[in-house]
Amino acid sequence: MFRWSLMPLILLACADVCQADPTVGVYYYPWWGESQGGHTLDQTVRAHTTPNHQLPAVGDEYSSRDAGVISAHIDQSHLGNISMWSMSWWGPNSFEDRTIRNHILPHPRADELSYTIHYESSGRLGSHSNPNYNNLIPDFLHLGNNVFNDPNYMRIDDRPVVVMYLSRVFFKDAAGATALSNLRTTMQNQFGYDPYIIGDHLFGSVADGAANLDAITGFDVYGQVFRSGEATQRKIDQLERIYSNAQAAADSAGVDFVPGLTPGYNDKAVRAGNLPAPRYLTGEDFGTTMEAMLEDAVLPHTDVDINDLILVNSFNEWHEDTQIEASVIGPSTNTDDSPSGMDLTVGRFYEGYGNKYLDILRNATQTTPPITPSEIRWGRGTADGNFVGNYTDVANWNANDVLPDAQRAPSVSDRARVDRSGTDMTIDSVITANDFLFGVDEAGQTFSFEASADVTLASNLFASFNSGDIDFDVKAGASLSIGGNFLLGQHDGNQSGQQMMNDEDITVTIEGIVDSAGDVILGDRYGLVSATTSSDVDVLLDITTGVLRANDIKFAPNGDLATYLNPALNNSMGVRIGDEGMIVIVGSDSTAKMNSLIADGLLFTDSLLGTLAVSYGGIDTIVEVVLGGDFDRDGDVDGADYLVWQRDPGVGDLTDWQKNYGIQSGAPVSVVPEPASLVLALAGTVALVSIARGHR
């Protein structure tokens, strides 16, 4: 047995409760950025998917040295129940070394996680066939003087933890054993400790020399079971057998075992030869590869002696598409911009997945009750602002004369109901609950989901009102996952009386991500209130820069919508999409319905640059603002669009091209250029191109 001498503060705060949760580490790559030695995202499959790229949510070309990026990655780590980064290290004063020492470890929020070094031995110890250990001791002396002494560095038995890449190659024989022994002796003499080394010693079977390490793991999950390019339950079962045998071998060698996992694999953008492993089991949904791996192979084989540590490959290795870092949200595709259209995807499907893999990891590894904001009480609000009973307790529905329950964590049947308080609420943490009912009985309220909010509901979300306005804001960076329907306006039934709406507004603004497994319904689920008694009521769903995913969008499906929208009553209801907003109708061709909603004015945009367009890519239906004149749909209006129009004037109106020439999607409107001379010049260009193409 051993003791952890460093755990993240968030876990220390609940040490008595969190023992059952595994410790989640990720391979973290601090190599991104355009500085000398840094990597860019060009050589990633996600930079080449079509029609949309699927790059990181923090930015297309982020820098690992950016304090804002580091902070966002810490937030994402909390979302995924990640407590340790194992940071790729390539030698003293390398790009990664300087990023770690000068930017990550000194970051103001660094103490929210712990850190280890992932020693990239293939870049430090010579060739696989002829190892050279000259760098080993100087490298560790450098780390001892500059990294291991950091207060947030992870230690086991007061020994700094190092993950050793390809130990199965470099430390499997007598020469490797001697090199390790010399290293341990030197570090003990110099610093009073020798490092706790987790060796990458598993590849199908455990290599020789495991007893010279402190723990073993298998970094390359893909190579062990997925090289055929298929992801099936049979492959997961094969991995489980490998881990079962490896754990037994580790026990026999007297060392600990750390199981590894990965969401998928595709390195086609950096090297040829490997078949991609999809992120979905054959015939199943995105994410099922990782879900099955966690449940069936990884979590059954953790080692209690090291707090059930697991290692995820990876947090942000986008080159090999093993990342779980949050991406932009986008529709699924199996095409890319290569000559064949599938050189990189090889026909596998990819999606802009948002927080999906962080959510999968958290849901599988976090067994303790979720932490909820103090403003939320579990029960029903009374007129004096107290909370009583269980919301499902119909007998107390209108009771004001009973004592409030003590604040408590939710059970699976509880609802979070917030009403009658007239108090604005900010949600900025991870919440898991059955469903939410945000109601207003006395005064207007604003509910704000901040960038760090990650809310998962097993059932429905109601944004409801009786006699007050609601502003319901999902800020950029926030994630709201709804297991049922998202309902805007009125309660969810079970009440009589108080059904008249007058001079009330509900505005839901989406700048982040809202993913509803059910429908988005504007108007009461059980029918709109009597339309003749409702007036001056506005219900607006405003998707400004965010993404809404749902099965369908419905407008008062059980109510008299036509009467409600009678101009004499001064009511309104609709969904507005901004220039950077998007609706994804999941899993169906809903083009006819979405176009009908646009024609009826229920789905609209105020964009000055473009119009709403509906497209179906074979799986999902997308509704978004398309820049007028962008005939080749590449996000800008330029000469190439004129060439498209020249060949097929039916693609659109040339006046849109003239009006928007020089504008990119999402760019501010600037001075509109005079396009007349451009038309003439481009016409000549087209002629020259035609002549050139005709020449043999």
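Filtered by the rule that a residue be farther than 29 Å from Arg362 by Cα and either part of a helix (DSSP H, G or I) or in contact with a Phe, Trp or Tyr (Cβ under 9 Å, 6 or more places away or on another chain) (or both), region 21-42 gives Ser35, Gln36, Gly37, Gly38, Asp42. Scanning region 35-63 for residues that are open to solvent by less than 50 Å² (accessible area, probe 1.4 Å) and free of Cβ contacts under 8 Å to residues at least 40 places away in the same chain, we see that the one that is nearest to Asp343 (Cα to Cα) is Thr40. Just one residue in the set Arg279, Arg271, Arg241 is surrounded by 24 or more Cβ atoms within 10 Å (Cβ to Cβ) and either among the charged types (D, E, K, R) or in contact with a Cys (Cβ under 6 Å, 6 or more places away or on another chain) (or both); that residue is Arg279.
The single condition from (1) open to solvent by 60 Å² or more (accessible area, probe 1.4 Å); (2) touching a residue at least 12 places away in the same chain (Cβ under 8 Å) that Asn134 fails is (2). When Ile553, Ile598, Ile583 are checked against the criterion of being surrounded by 18 or more Cβ atoms within 10 Å (Cβ to Cβ), at pLDDT 85 or above and assigned to a helix (DSSP H, G or I), a single residue qualifies: Ile598.
Which of (1) open to solvent by 10 Å² or more (accessible area, probe 1.4 Å); (2) among the basic types (Lys, Arg); (3) modelled with pLDDT of 95 or more; (4) under 24 Å from Ala451 (Cα atoms) is the odd one out, the single condition Arg109 does not satisfy? With (1) open to solvent by 10 Å² or more (accessible area, probe 1.4 Å); (2) among the basic types (Lys, Arg); (3) modelled with pLDDT of 95 or more; (4) under 24 Å from Ala451 (Cα atoms) applied to Arg109, the lone miss is (3).
Only a single item in (1) open to solvent by 40 Å² or more (accessible area, probe 1.4 Å); (2) over 34 Å from the mean Cα position of the chain (by Cα) is not met by Arg159, and it is number (2).
Let's see how each residue does on (1) in contact with a helix residue (DSSP H, G or I) (Cβ under 8 Å, 6 or more places away or on another chain); (2) surrounded by fewer than 24 Cβ atoms within 10 Å (Cβ to Cβ); (3) in contact (Cβ under 8 Å) with a residue 60 or more places away in the chain:
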{"site": "Leu166", "(1), (2), (3)": "yes, yes, no"}
{"site": "Lys172", "(1), (2), (3)": "no, yes, no"}
{"site": "Leu180", "(1), (2), (3)": "yes, yes, no"}
{"site": "Thr185", "(1), (2), (3)": "no, yes, no"}
{"site": "Tyr196", "(1), (2), (3)": "no, yes, no"}
{"site": "Gly199", "(1), (2), (3)": "yes, no, no"}
{"site": "Ser205", "(1), (2), (3)": "yes, yes, no"}
{"site": "Ala211", "(1), (2), (3)": "yes, yes, no"}
{"site": "Ile216", "(1), (2), (3)": "yes, no, no"}
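Using beta carbons and a limit of 9 Å, which pairs, at least six apart or on different chains, have the first residue in region 584-604 and farther than 20 Å from Asp542 by Cβ and in contact (Cβ under 8 Å) with a residue 24 or more places away in the chain and the second one surrounded by 17 or more Cβ atoms within 10 Å (Cβ to Cβ) and of a type in the set (Lys, Arg)? Within 9 Å, the pairs are Val586/Arg549. Which residues, taken from region 287-339, are hydroxyl-bearing (Ser, Thr, Tyr), in a helix (DSSP H, G or I) and in contact with a Pro (Cβ under 8 Å, 6 or more places away or on another chain)? Result: Thr289, single match. Step by step: first the residues of region 274-324, then only those that are closer than 20 Å to Val255 by Cβ and of a type in the set (Asp, Glu), then the one that is nearest to the chain's Cα centre (by Cα). Which residue is that? The residue in question is Asp308.
Residues being in contact with a His (Cβ under 7 Å, 6 or more places away or on another chain) and assigned to a helix (DSSP H, G or I): count how many of those fall in region 155-180. The qualifying residues number 3.
Selection within region 284-339: residues that are over 24 Å from Asp515 (Cβ atoms), open to solvent by 40 Å² or more (accessible area, probe 1.4 Å) and aliphatic (A, V, I, L, M). The member of this set that is modelled with the lowest pLDDT is Val304.
Checking the structure you have, find out if any residue of region 75-91 is open to solvent by 10 Å² or more (accessible area, probe 1.4 Å), more than 24 Å from the chain's Cα centre (by Cα) and at pLDDT 90 or above. There is at least one residue in region 75-91 that is open to solvent by 10 Å² or more (accessible area, probe 1.4 Å), more than 24 Å from the chain's Cα centre (by Cα) and at pLDDT 90 or above. Scanning region 604-623 for residues that are open to solvent by 40 Å² or more (accessible area, probe 1.4 Å) and over 24 Å from Lys659 (Cβ atoms) returns Tyr616, Gly617, Gly618, Ile619. Restricting Thr563, Thr507, Thr532 to those that are on the phi < 0 side of the Ramachandran plot, at pLDDT below 90, polar (S, T, N, Q) and assigned to a strand (DSSP E or B) reduces the list to Thr507.
Is it true that some residue in region 622-629 is small (Gly, Ala, Ser), assigned to a loop (DSSP other than H, G, I, E, B) and more than 19 Å from Leu548 (Cβ to Cβ)? Within region 622-629 (the criterion being small (Gly, Ala, Ser), assigned to a loop (DSSP other than H, G, I, E, B) and more than 19 Å from Leu548 (Cβ to Cβ)), the answer is yes, since at least one residue qualifies. Among the candidates Ile236, Ile216, Ile242, the residue that is at pLDDT 95 or above, among the aliphatic types (A, V, I, L, M) and not in a helix (DSSP H, G or I) is uniquely Ile216. Do we find that Tyr265 is crowded, with 19+ Cβ neighbours inside 10 Å, aromatic (Phe, Trp, Tyr) and farther than 29 Å from Ser327 by Cα in this structure? Taking the combined requirement at face value, the residue does not satisfy it. Against the conditions (1) without any contact (Cβ under 8 Å) to a residue 60 or more places away in the chain; (2) open to solvent by 30 Å² or more (accessible area, probe 1.4 Å), where does Leu143 fall short? Just the number, please. Evaluating Leu143 over (1) without any contact (Cβ under 8 Å) to a residue 60 or more places away in the chain; (2) open to solvent by 30 Å² or more (accessible area, probe 1.4 Å) leaves (2) as the failure.
The values are calculated or read from the model by the stated rules, or taken from the named source; none is laboratory data. Because the structure is predicted, anything quoted here is derived from the model rather than measured. With ideal geometry, Cβ positions are generated from the backbone for all residues, glycine too; neighbour counts draw on all protein chains shown. Quick note on the areas: whole protein, heavy atoms, side chains included, nothing else; ligands and nucleic acids left out. Shrake-Rupley method; radii C 1.70, N 1.55, O 1.52, S 1.80 Å.
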